[in-house]
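Peer 1: Following this message is one structure expressed as structure tokens.
The values are calculated or read from the model by the stated rules, or taken from the named source; none is laboratory data. The structure presented is a predicted model; accordingly, all values stated were derived computationally and were not measured. In this analysis, Cβ positions are derived from the backbone assuming ideal geometry, glycine residues included, and neighbour counts consider all displayed protein chains. With ligands, DNA and RNA removed, areas are computed over all heavy atoms of the protein, side chains included. Shrake-Rupley method; radii C 1.70, N 1.55, O 1.52, S 1.80 Å.
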Amino acid sequence: MNDVAAHLHRVSKTYPHFTLHDVDLVLPTGSVTGFIGANGAGKSTTIRILMGLVHQDHGSVTVMGQPMPGGQAVAKREIGFVSEDMRLYKAATLGWHIEFIRSIFASWDQAYADHLMTRFDLKRDHPIKGLSHGQRVKAALLLALARRPKLLVLDEPTTGLDPVARHEVLAALMEVLADESRTVLFSSQNTLDVEQISDHISFIDAGRIVESGDKEEFLDRWRRFRLDVPSGTGLPDLPGAIGTSGAPRNARLSVVTTNRFEPSMAAAYQAAGITVQAVENMTLEEIFVATVLAKREGKRQ
């Protein structure tokens, strides 16, 4: 399908101490999907399956119109991959790597490579072993981006970068994202980075996708209510309230988190005799934590 760059359908993979459960993940063409999860949640396993590096036990995977892992040789010509732990040849220079990649991929854009080299303050004659961690990440990003891939897969690319290097990497990615035909999967624990560049979000925890959707829709429907609750007054049971802290019998202040916010909720609290002190927007990190904790709590019930 031309409107979908990659599709994982009910994908499962079992290891001795970890299982990926029925993962459904769709990457619409031209979208930037933020893939958020803690260490060990299943992000890298999912990406390895998408890249054809690991064969799923169950389910189907299609990338750039090719079934994976069988069609990976064709699909990978359209995929750029960057990971924070990618290994380049330490004894070789960046220029050697550029010429090597350029000899393989006809899509290589040397003018864009030169632009990125200037932007990242990299030199062709620098040996990889002499680069800092941040410089190595930027070198790997240059080698992927200058190929002009249709699908860019980024596995924790900003992990371990200092603030300046992170800014440079994210700025380059924002530049790439101006091309609406390019699709990006951005996997990270850093929700601030994901929030800056993504338009779709998927949360993964303990090998399961716990939530997926449009980023702006996520942010719009989550709110935190700070309430002054008079003694003896019960909180109305409003839809979407997934977390409450502060007990009215012990303290007047209660904080309610909802994932189905409606402006009428404030009026409902006020009608019950409760003072609404504040209605606060939530960051993507706060939403992720609340979603994961609610799902885990639900499993224990």
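Peer 1: Considering only the range 120-140, state which residues are in a loop (DSSP other than H, G, I, E, B) and either under 17 Å from Arg87 (Cα atoms) or open to solvent by less than 60 Å² (accessible area, probe 1.4 Å) (or both).
Peer 2: Let us first name the residues in the range 120-140 that are in a loop (DSSP other than H, G, I, E, B), namely 120-126, 131-132.
Within the range 120-140, Phe120, Leu122, His126, Leu131, Ser132 qualify.
Peer 1: I've got another one for you. Listed residues Ser245, Ser212; which is free of Cβ contacts under 8 Å to residues at least 12 places away in the same chain, open to solvent by 30 Å² or more (accessible area, probe 1.4 Å) and small (Gly, Ala, Ser)?
Peer 2: Values: Ser212 fails: free of Cβ contacts under 8 Å to residues at least 12 places away in the same chain.
So the residue among Ser245, Ser212 that is free of Cβ contacts under 8 Å to residues at least 12 places away in the same chain, open to solvent by 30 Å² or more (accessible area, probe 1.4 Å) and small (Gly, Ala, Ser) is Ser245.
Peer 1: Follow-up. In the range 50-74, which residues are assigned to a strand (DSSP E or B), out of contact with any His (no Cβ under 8 Å at 6 or more places or on another chain) and surrounded by fewer than 18 Cβ atoms within 10 Å (Cβ to Cβ)?
Peer 2: Passing the criteria: His58, Pro67.
Peer 1: When the residues of the range 25-37 are narrowed to those that are among the hydrophobic types (A, V, I, L, M, F, W, C) and either free of Cβ contacts under 8 Å to residues at least 12 places away in the same chain or farther than 17 Å from Leu284 by Cα (or both), which ends up surrounded by the fewest Cβ atoms within 10 Å (Cβ to Cβ)?
Peer 2: Applying the filter and picking the extreme gives Val26.
Peer 1: Restricting to the range 88-109, and then to whatever is in a loop (DSSP other than H, G, I, E, B) and more than 19 Å from Phe120 (Cβ to Cβ), can you tell me which residue is most open to solvent (accessible area, probe 1.4 Å)?
Peer 2: Going residue by residue through the range 88-109, those that are in a loop (DSSP other than H, G, I, E, B) are 88-92, 105-109.
Imposing the further condition that a residue be more than 19 Å from Phe120 (Cβ to Cβ) reduces the set to 91, 105-107.
Values: Ala91: 92, Phe105: 34, Ala106: 107, Ser107: 55 Å².
Checked the range 88-109; the qualifying residue most open to solvent (accessible area, probe 1.4 Å) is Ala106.
Peer 1: Can I ask one more? Examine the range 169-186 for a residue that is touching a Gly at 6+ places or on another chain (Cβ under 9 Å), in a strand (DSSP E or B), in contact (Cβ under 8 Å) with a residue 40 or more places away in the chain and closer than 18 Å to Ala41 by Cβ, and state whether such a residue exists.
Peer 2: The answer is yes; a qualifying residue exists.
Peer 1: Are any residues in the range 44-77 at pLDDT below 95, within 27 Å of Gln189 (Cβ to Cβ) and of a type in the set (D, E, K, R), and if so, which ones?
Peer 2: Hits for the range 44-77 are Arg48, Lys76.
Peer 1: Go over the candidates Ala178, Ala172, Ala165, Ala206 one by one and state the one that is surrounded by 17 or more Cβ atoms within 10 Å (Cβ to Cβ) and closer than 23 Å to Thr29 by Cβ.
Peer 2: The match here is Ala172.
Peer 1: Let me ask another. For the range 137-150, state whether one or more residues are free of Cβ contacts under 8 Å to residues at least 60 places away in the same chain and of a type in the set (Val, Ile, Thr).
Peer 2: yes
Peer 1: Looking at the range 1-24, I want the residues that are over 20 Å from Phe203 (Cα atoms) and have a partner that is acidic (Asp, Glu) with Cβ atoms under 6 Å, at least 6 apart or on another chain. Which pairs are those?
Peer 2: Note: no pairs meet the criteria.
Peer 1: Sticking with this structure for a sec: Which one of the conditions (1) open to solvent by 10 Å² or more (accessible area, probe 1.4 Å); (2) in contact with a Ser or Thr (Cβ under 6 Å, 6 or more places away or on another chain) does Leu151 fail to meet, given that it meets all the rest?
Peer 2: Going through (1) open to solvent by 10 Å² or more (accessible area, probe 1.4 Å); (2) in contact with a Ser or Thr (Cβ under 6 Å, 6 or more places away or on another chain) one by one, Leu151 breaks only (1).
Peer 1: Working carefully through the options Phe218, Phe288, find the one that is open to solvent by less than 40 Å² (accessible area, probe 1.4 Å), modelled with pLDDT under 90 and out of contact with any Cys (no Cβ under 6 Å at 6 or more places or on another chain). Full working, then the answer.
Peer 2: On the way: Phe288 fails: modelled with pLDDT under 90.
Answer to the check: Phe218.
Peer 1: Of all residues in the range 194-203, count the ones that are within 28 Å of Ser245 (Cβ to Cβ) and surrounded by fewer than 21 Cβ atoms within 10 Å (Cβ to Cβ).
Peer 2: Pass one, the range 194-203, residues within 28 Å of Ser245 (Cβ to Cβ): 194-195, 201-203.
Adding the requirement that they be surrounded by fewer than 21 Cβ atoms within 10 Å (Cβ to Cβ) leaves 195.
Of the residues in the range 194-203, 1 are within 28 Å of Ser245 (Cβ to Cβ) and surrounded by fewer than 21 Cβ atoms within 10 Å (Cβ to Cβ).
Peer 1: If you check Thr258, Thr191, which single one turns out to be closer than 30 Å to Phe81 by Cα, open to solvent by less than 40 Å² (accessible area, probe 1.4 Å) and polar (S, T, N, Q)? Before the answer, list the steps.
Peer 2: Details: Thr258 fails: closer than 30 Å to Phe81 by Cα.
Thr191 is the lone residue from the list that is closer than 30 Å to Phe81 by Cα, open to solvent by less than 40 Å² (accessible area, probe 1.4 Å) and polar (S, T, N, Q).
Peer 1: Another question, then. Condition test on Gly40, is it closer than 19 Å to Val210 by Cα, open to solvent by 10 Å² or more (accessible area, probe 1.4 Å) and without any contact (Cβ under 8 Å) to a residue 40 or more places away in the chain? Please lay out each step first, then the result.
Peer 2: On the way: closer than 19 Å to Val210 by Cα: yes; open to solvent by 10 Å² or more (accessible area, probe 1.4 Å): yes; without any contact (Cβ under 8 Å) to a residue 40 or more places away in the chain: yes.
Judged against the criteria, Gly40 is a match.
Peer 1: Are any of the residues in the range 75-87 more than 22 Å from Thr159 (Cα to Cα), of a type outside the set (Asp, Glu) and open to solvent by 10 Å² or more (accessible area, probe 1.4 Å)? Show your work before the answer.
Peer 2: Going through the range 75-87, the residues more than 22 Å from Thr159 (Cα to Cα) turn out to be 75-78.
Next, from what is left, pick out any that are of a type outside the set (Asp, Glu): 75-77.
Okay, now just the ones that are also open to solvent by 10 Å² or more (accessible area, probe 1.4 Å), so 76-77.
Yes, that holds for at least one residue.
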